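Heads up, the thing below is written out as structure tokens.
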Amino acid sequence: MSLWSRLSNVFRGGDLNRDIDEELEFHIAEAVAQGRDPGEARRALGSPLRHREASRDIRMMAWLDSLRADAIFGWRQLKKRKATSAAAIISLAVAIGACTSAFRLIDAMLLRPLPVAGAERMYVAAREGFGPSGNLRVSESWEYPLFRRMRAAVKDSAEMIAISYADRTDLTFGSDEEMEKANRQFVSGWMFRAFGLRPAAGRLLTEDDDRTPGAHPYAVISHDYWTRRFGRASNVVGRSFRMGNDVYEVVGVVAKGFTGTEPGTFIDVFVPTMMNAYVGRSDASWFRALAILKPGVTAEPLRAKLHGISRAFQEEQARGWTGISKRFRERILNQKLVLAPAESGVSGTQTAYRRPLIVLGVLVTLVLLIACANVANLMTAQATARSREMALRVSIGAGRQRLIQMVLVESAWLGLLGAAGGYIFAAWAAPFLVGRINGPDNPARVTLPLDWRVAAFSLALALGVTCLFGLATAFRVSSVRPASAIKGGDQPHAPRRLMHALIAIQVAFCFIVYFTAGLFVATLDRIANQSTGFSSERLLVLETTARTGQPPQVWDQVLDHLRSVPGVESVALAGWPLLGGNGWNGFVWINGVPTEVLAYYLGVSPGWTETMGIRLLDGRDLRQGEVYPNVAIVNEAFARQCLGGGNPIGRWFAKKAGDGATEDRFQVVGLVGNARYRNMREPITPTAYVPFHSLDAKGEWRPKTSGTFIVRTANMNPAALATLLRGEVSRARPELRVSNLRTQEEVNQQHTVRERLLAMLGLFFAMAALLLSGTGLYGVLAYSVVQRRRELGIRIAIGASAGDIAHRVTAGVLAMVAVGTVAGVAMGMASAQYIDALLYQVKPTGLGAIALPAATVLLATFAAALPAVYQAIRIDPATMLRAE
């Protein structure tokens, strides 16, 4: 009989039995036709049941038929116990869904290869060394003249590609009033060829488009942007748009699937590197250098060759360095070039979330283990209740392997249904989490397909959890001894010991999750509530741009106009907002001698410190008519680190001008309190606030193409004036346009996005772990009450108090909770210290770090134990004995 026939007969069941019965009747009829007595013919044939079973084994796959029968029986058992089955499936669905969501994020950000040719041979070049402050750092930024040398030197071993950092910029396909935001990347013209990409429309950039600075203003847009912005219109090729002061022509659309090389960001527009203003400068680092190794080439020889070229370039540049100290010069020259694998791309989001995602993966694994322990307790209780059934099966000939298979199939139903629910949960949860990685003005976007990788992971989890909570139960059930089981069992306490041990494990894991969640919450609280040095309330930030540079009169006219708008308390002008992420720095010179202090600078208008709420400690504010370079206001950190402490008013300092040869000199006219400049995580930086308006070397005004108006409103809700103020800027001077408008509090909050996300997830998983542990604890106690119902009834009948009954019901479980608490506190503290070092955050220390999780677990234990204790003390001895 063919394999297909044997396989199909497994699912024919009744039809196959009828076929076999008909064949047996045919043989009997044939014997009768030959003159034999019907009864004699049946006796001669033998047992019909035995012949049917033997024939079934020949005509079908017996092992598959038994598996089918067990699956049907297991499904019926789940339907029979709807409440407990639903609880187990929901527990597993939440845990598996959390694991699958974490896997989708980790896969998209860290594991999934870019959809390009040779991704497995792709590396990113970086420089590793000590920064200006002496801390070890890795920089992926490169200078284009150096990149050209490196590419030419290794062209036989690898193809090098320059790809700038993604930046969100303004562009318009129409008038200035139709400006929109888009993610832009400057890329080597040969990138698309090296990546093996094809156009979906038009053509892609080529090397000829990337030879001469500013000569080829061409752009390629992504398929995603083409779909979102243009609805896949065929006439997009040939359209023009303005970005900055350049007009670009769209020459093509890249094929679907490629959204850039930065996980977490979808690039909308690709333009040649030669259109970048810094392409010819040897002192500007603004892009990443990727290398695709040719087949057979190893990374180390290539790295060594690139390192030598980089070192030679830096030594050439060092000859013209006159504004830095000898120690800093040595730090730069001693940097080491490294090659890091970039198969999955490289991005700041990827770097920032690599370790948190790993911690997240560990957390969800612990929640999954708690859920598995919970279901294992449930399965153990049910198996004990079915011990007589299993003994009967053994008595009529069921083997150990058959019993193991039956229990595992039933467990597999729970695992598969939990995995299906988790798959649905993950389909919603992963995009939800990605939407909260960045701020609303620039949300992170990650490719999260529900493809075979996710499906395979979910199935693997289903198999894993089946083994975790099913195997122990299956082996225990298969070792049942019929005689002792039918009499009541010779080891009545064995199931309880296993269940109690699982409770201790659940409690220990719960503590680890709680300590980790506490770490995340403490970190968020520290960063979010630390002093910024300025008042963020009622502040609006209007980042403003102009197509061409505008003289001071234009900016001052808008400044005066905004002050007259009703509801505006004060207005000031700055180069960019504090904590906006921008920076302008340089080494400080005192009396012609360079220091090792790297100070930050910010151009501001008179009244800026008052508008920002920064305390003026000494001296005066900037005055109308003062220009850069001339005077400056410094903060306390600047006065202490650069000017040796004491009163800085009237003292002079200098910084190298942009040409690196001349000095810009400043006299300190004011001292203000410290305020955070770029980042909430960095220490307070030495900062000098200088006049916004500036003169060049010829004494002429420098026109400005961008600036930020800082508006403090009288209304407690500054967003109420947002639309009005946006229009007032262009109404005052049509040359200016507000490109981005936020409250200062929104600017501040963008620095705690990661911490808020981790705190939210940590609390969610802590509550899930606590709920699962509490459910498991209640299940064990309820099972204990049911198993000891006769004993407890007798004790109550002879006068046992409610307290004594409660003690006897809960003593063993509470002892395991205590054991789990001790182990959990030790492991939780150790894990908190490890995660603190891993994420460079702050661990919660002191008694509160132990007391809060311990109190929470004890409250959950009390809440879980109360219903079971109440059930025990309410046992009616008379009713129970009559039932016996």
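The values are calculated or read from the model by the stated rules, or taken from the named source; none is laboratory data. Note that the coordinates shown come from a computational prediction; the quantities given were computed from them, not determined experimentally. Backbone-built Cβ (ideal geometry, glycine too); neighbour counts: all protein chains shown. Accessible surface is based on the protein model in full, side chains and every heavy atom, while ligands, DNA and RNA are left aside. Shrake-Rupley method; radii C 1.70, N 1.55, O 1.52, S 1.80 Å.
Of note:
- Taken over segment 329-349, residues that are touching a helix residue (DSSP H, G or I) at 6+ places or on another chain (Cβ under 8 Å) and at pLDDT below 85 amount to 4.
- Matching residues in segment 528-553 - criterion: being surrounded by fewer than 18 Cβ atoms within 10 Å (Cβ to Cβ) and either part of a helix (DSSP H, G or I) or free of Cβ contacts under 8 Å to residues at least 40 places away in the same chain (or both): Ala528, Asn529, Ser531, Gln553
- Boolean, Ser395 is surrounded by fewer than 20 Cβ atoms within 10 Å (Cβ to Cβ) and modelled with pLDDT under 85: yes
- Note on segment 202-225: among residues that are within 30 Å of Thr544 (Cβ to Cβ) and either basic (Lys, Arg) or open to solvent by less than 30 Å² (accessible area, probe 1.4 Å) (or both), the one that is farthest from the chain's Cα centre (by Cα) is Ala219.
- The residue that is surrounded by the fewest Cβ atoms within 10 Å (Cβ to Cβ), among those in segment 689-720 that are within 35 Å of the chain's Cα centre (by Cα) and outside any strand (DSSP E or B), is Met716.
- One residue stands out in segment 226-254 among those that are part of a helix (DSSP H, G or I) and surrounded by fewer than 20 Cβ atoms within 10 Å (Cβ to Cβ): the one that is modelled with the lowest pLDDT, namely Ser234.
- Residues of segment 90-125 satisfying the condition of being open to solvent by 20 Å² or more (accessible area, probe 1.4 Å) and either closer than 15 Å to Val362 by Cα or among the aromatic types (Phe, Trp, Tyr) (or both): Phe103, Ile106, Tyr123
- Segment 665-682: number of residues that are open to solvent by 20 Å² or more (accessible area, probe 1.4 Å) and either in contact (Cβ under 8 Å) with a residue 40 or more places away in the chain or not in a loop (DSSP other than H, G, I, E, B) (or both): 8
- Of the residues making up segment 273-302, those that are buried (at least 18 other Cβ atoms within 10 Å of the Cβ) and either within 18 Å of Val138 (Cβ to Cβ) or of a type in the set (A, V, I, L, M, F, W, C) (or both) are Met274, Met275, Val279, Trp286, Phe287, Arg288, Ala289, Leu290, Ala291, Ile292, Leu293, Leu302.
- When each of Val634, Val597 is tested for being of a type outside the set (Lys, Arg), modelled with pLDDT of 95 or more and either open to solvent by less than 40 Å² (accessible area, probe 1.4 Å) or farther than 22 Å from Asn647 by Cβ (or both), the lone residue that passes is Val634.
- Residues located in segment 768-799, provided they are assigned to a loop (DSSP other than H, G, I, E, B) and either within 30 Å of Ile512 (Cβ to Cβ) or of a type in the set (D, E, K, R) (or both): Arg788
- Residue count for segment 857-869, restricted to those that are surrounded by fewer than 17 Cβ atoms within 10 Å (Cβ to Cβ) and at pLDDT below 75: 1.
- Condition broken by Val507, with the remaining ones in (1) at pLDDT 80 or above; (2) among the aliphatic types (A, V, I, L, M); (3) open to solvent by 40 Å² or more (accessible area, probe 1.4 Å) satisfied: (3)
- Single match in Ala371, Ala340 (criterion: of a type in the set (Gly, Ala, Ser) and in a helix (DSSP H, G or I)): Ala371
- Assessment of segment 377-385 against the conditions (at pLDDT below 85, in a helix (DSSP H, G or I) and out of contact with any helix residue (DSSP H, G or I) (no Cβ under 6 Å at 6 or more places or on another chain)) yields at least one matching residue.
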